[in-house]
Amino acid sequence: MYDPLTGRYAFACPVRGETYVPLSAFRSIEEPSGAAHPAVFRVRFGCDCGDEHDGLLTHEELRGAAASLFPSSFALLTATGGTVGLAVRCPSCRRLSLNLVSHPHVDVPFHNDREIGVVEHMFADDALATLDEFRAELWSASFDARRLAL
């Protein structure tokens, strides 16, 4: 559930009980096969306990944080220092783009960065199935060399 006062989502944690995380703590967002109405999304998030957990959000809860963003189009997220790497799936053509934005760009409603870094790299159609490779790419030296300053 999204709390508009804190800008955080409430999820269950097996270690801490309930935990509250910002959108930038999400690691993946996917729509499981099955019923489409209401749309439900499986979210993997980085928890304060140091582990990653899964949770479920409706489309309305997911978009609660970002009226100007489209979190349901986010496929993968990885926070690296002061930036967040976003793999975003275009709702029309279904292609992935990789963008680098600040934490407030993702976490604060209606906040837009002055510049958004775009990684000019084509990902294979099965990029969502290779989450570990995506994270390794984000943390690699070759990625740092291609990164645009925000």
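Looking at segment 88-105, which of its residues are closer than 26 Å to PRO4 by Cβ, buried (at least 18 other Cβ atoms within 10 Å of the Cβ) and at pLDDT below 85?
Answer for segment 88-105, where residues must be closer than 26 Å to PRO4 by Cβ, buried (at least 18 other Cβ atoms within 10 Å of the Cβ) and at pLDDT below 85: VAL88, ARG89.
Since GLY55 meets every condition but one in (1) assigned to a loop (DSSP other than H, G, I, E, B); (2) in contact (Cβ under 8 Å) with a residue 24 or more places away in the chain, which condition does it not meet?
Looking at each condition in turn, GLY55 falls short on (1).
Can you report the number of residues in segment 75-87 which are crowded, with 17+ Cβ neighbours inside 10 Å and in contact (Cβ under 8 Å) with a residue 24 or more places away in the chain?
9
Among the strands (runs of 3 or more DSSP E) lying completely within segment 1-51, list those that include at least 2 residues that are within 14 Å of LEU62 (Cβ to Cβ) and at pLDDT below 90.
26-30, 40-46
The values are calculated or read from the model by the stated rules, or taken from the named source; none is laboratory data. Because the structure is predicted, anything quoted here is derived from the model rather than measured. Quick reminder, even Gly has a Cβ in these numbers, built from the backbone with ideal geometry, and neighbours come from all protein chains shown.
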